[in-house]
Amino acid sequence: MCRNIKVLYNFEPPATQSEIRLAALQYVRKISGFAKPSAANEAAFSLAVGEVAKASSVLLESLVTNASPRDRDVEAARAHERAVRRFGA
């Protein structure tokens, strides 16, 4: 899995459409192998990003959990702590 794609489910506040679209962009970049597609592939690339974002939104809205929502600030602090342990200060 691409390291830049973050978990978007079960957060308070919920993931924004912008966050979902950025995750979709990272996913399409990863599977296509293009960081930025050529002009010939731009339409297909953009369509794929839109479709993945739409499917992701439907998925996130459909999921059900009994767990309490996670706090974004707490999760960000944990991620930073892991990065410091892994890569140093």
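The values are calculated or read from the model by the stated rules, or taken from the named source; none is laboratory data. As the structure is a computational prediction, the values presented were derived from the model and not from experiment. Cβ: placed from backbone, ideal geometry, glycine included. Neighbour counts: every protein chain shown. When the accessible area is computed, the model is the full protein with side chains, heavy atoms only, and any ligands, DNA or RNA have been set aside. Shrake-Rupley method; radii C 1.70, N 1.55, O 1.52, S 1.80 Å.
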Heavy-atom SASA rank of 31, 20, 5 (probe 1.4 Å, accessible area, largest first) = 31, 5, 20
Of 9, 27, which has the most accessible area with a 1.4 Å probe, and how do the rest follow in descending order?
-> 27, 9
Would you tally the net charge around residue 14, using a Cβ to Cβ cut-off of less than 12 Å, leaving residue 14 out, and scoring K and R as +1, D and E as -1?
-> -1
Where nothing but the Cβ of Lys and Arg (+1) and of Asp and Glu (-1) is charged, how large is the charge dipole of the chain around its Cα centre, in debye to the nearest 20?
-> 440
Where does the chain land on the Kirkwood hydrodynamic radius, alpha-carbon pairs, in angstrom?
-> 14.8
A correct Karplus calculation of ³J(HN,Hα) over segment 44-57, with 6.51 cos²θ - 1.76 cosθ + 1.60, θ = phi - 60°, whole Hz and x for Gly and Pro, returns 5, 4, 5, 4, 4, 4, x, 5, 5, 4, 5, 5, 5, 4
When only Cα pairs under 8 Å and 6 or more residues apart are kept, what is the percent relative contact order across the chain?
-> 37
59, 25, reordered so the largest accessible area comes first (probe 1.4 Å) | 59, 25
Which value, in Å² rounded to 10, gives the accessible area of residue 58 with a 1.4 Å probe and all protein chains present?
-> 80
If amide H atoms are modeled at 1.01 Å from N in the peptide plane, then the residues at a separation of 5 or more from residue 11, or on another chain, having amide H under 5 Å from its own are 70
Simple label model, 7 Å out from Cα along Cβ direction - residue 59 to residue 41, nm | 2.2
With DNA, RNA and ligands ignored, accessible area of residue 45 (1.4 Å probe; Å², nearest 10) | 20
